[in-house]
Amino acid sequence: ASLQLKSAVELHLDEGARLVGSTNYADYVTMPNDNRGAVVWSDSARNVAISGRGVIDGRGGLAPHVCGTPGRWRGVALYRTKGVRIEGVEIRDAHTWACYLRECEDVVVRGVRICNHVNYNNDGLDIEASDVLVENCEIDSEDDAIVFKTRTPESRVENVLVRNCRIFSNSSAIKIGTESRGRFADITVSNCTVG
């Protein structure tokens with residue numbers, strides 16, 4: 001179920017490769033103060049990467065869900081990780097958010113495809129991080145496509161550039177909040193197609 005990226009590890013998925021998540025929530029590792037697991041995760045790592053032309057498939061549409069209860073998982077969730085590169089892969093069908101970057105620094109998300117339409121609250125890319133570049137991505141989500149969050153007063157989202165992306169959503173294509181307890185500064189979104 002949960003595949004952990006440790007420091008200086010690159011997960012490379014060749015074209016045609018498909019990493020699938022369990023449909024049993026009990027199989028997932030969860031973080032303190034966060035009851036949601038992830039197919040791929042890291043905590044306090046340095047210099048990690050997810051690359052290639054393969055797919056991370058959360059298979060979230062195959063598992064039951066009840067609004068407002070725990071027991072849901074993400075496709076990718078990186079916590080307190082510095083030096084992150086996510087490039088070329090497809091992330092799809094998480095039980096909740098497709099990709100969550102929490103308290104991360106020095107992040108590049110490039111050429112990534114996200115398709116997340118199997119449940120309610122299917123965000124695309126949730127950013128609670130600093131020094132972030134998101135470029136040349138296609139994000140198509142049921143809920144918010146790109147959302148900036150600060151879940152605690154100590155959280156910060158700053159020095160973020162999103163450019164040359166195609167962003168589609170049944171809710172908000174680009175959103176600041178709903179969690180807005182910390183600092184937002186120097187966020188630029190440019191040359192994106194929104195639908």
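The values are calculated or read from the model by the stated rules, or taken from the named source; none is laboratory data. Computed from a prediction, not measured in an experiment: that's the story for all the values here. Because the Cβ atoms are built from the backbone with ideal geometry, glycine has one as well, and the counts that use them run over all protein chains shown. Heads up: the accessible areas ignore ligands, DNA and RNA and are worked out on the full protein's heavy atoms, side chains in. Shrake-Rupley method; radii C 1.70, N 1.55, O 1.52, S 1.80 Å.
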Query raised in the report: Which pairs have Cβ atoms under 6 Å, sit 6 or more apart or on different chains, and link a residue in segment 1-17 that is under 17 Å from GLY58 (Cα atoms) to one that is aromatic (Phe, Trp, Tyr) and outside any strand (DSSP E or B)?
Result: ALA1/TYR28; SER2/TYR28
Requested in this report: Determine which member of the set ASN136, ASN159, ASN119 is of a type in the set (S, T, N, Q), over 22 Å from HIS12 (Cα atoms) and open to solvent by 50 Å² or more (accessible area, probe 1.4 Å).
Outcome: ASN159
Requested in this report: Evaluate the following for ASP131: is it at pLDDT 95 or above and closer than 17 Å to GLY60 by Cα?
Outcome: no
Report summary line: If we ask which residues in segment 62-102 are more than 15 Å from SER2 (Cβ to Cβ) and touching a Phe, Trp or Tyr at 6+ places or on another chain (Cβ under 6 Å), their number turns out to be 1
**Report entry** Qualifying residues in segment 72-97 (those that are open to solvent by less than 10 Å² (accessible area, probe 1.4 Å) and under 15 Å from LEU62 (Cα atoms)) - the one farthest from the chain's Cα centre (by Cα)
**Finding:** ARG72
